[in-house]
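Trainee: Here it is, the structure, as structure tokens.
The values are calculated or read from the model by the stated rules, or taken from the named source; none is laboratory data. If you're wondering where the values come from, they're calculated on a predicted model, not measured in any experiment. Every residue, glycine as well, gets a Cβ built from its backbone with ideal geometry; the counts of neighbours run over all protein chains shown.
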Amino acid sequence: MLIEFHDMGAKKSKRSDFGARLKKLREDRDLSQKALAERAGLSSVAMMESRYSAPRYKTAQALAKALGITVEELYGDDLGAIPEALATFLVSPAGRDATTSEIEALRRLQARGRRPTVDTYFWALKMLRSMAEGDKDG
């Protein structure tokens, strides 16, 4: 199977749009950081509001649920639209710990011009991680 990753260059930016968006959504609902963290079952949200990248998908899901919005609304332009098969993969045990940069790469995945399946995302993530490990060794 031919798998292509498009525009995989990691973009380093100032404070992520995610952090600013999370803070605004929290403040719009008159929630303190502590209150949002409790609703989402997290220890804190302070670092997520000020760090350079968005959290893992599983954490974003908990935040979105606590805010009463979808994960896509929470991620906004940080990830763009997430295909249904990718969203399904990201809530599975195999995809739960995917990082934002891995999700970004998976979102751009094309499998011979067709939409990737959950299985395609599984193997693509394994390949991405294997390539990243190879980069560390070399």
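Trainee: Here is a list of conditions, (1) out of contact with any Leu (no Cβ under 9 Å at 6 or more places or on another chain); (2) buried (at least 17 other Cβ atoms within 10 Å of the Cβ); (3) at pLDDT 80 or above, and residue 60 meets all of them except one; can you say which number that is?
Mentor: The number of the failed condition is (1).
Trainee: Within the stretch 4-11, does at least one residue satisfy the condition of being at pLDDT 80 or above and not aliphatic (A, V, I, L, M)?
Mentor: No - not one qualifying residue is present in the stretch 4-11.
Trainee: List the pairs whose first member sits in the stretch 127-138 and is within 16 Å of residue 109 (Cα to Cα) and assigned by TED's automatic domain parsing to the domain that holds residue 106, whose second member is in a helix (DSSP H, G or I) and at pLDDT 60 or above, and whose Cβ atoms are under 7 Å apart, counting only residues at least 6 apart or on separate chains?
Mentor: These pairs meet every condition: 128/102; 128/105.
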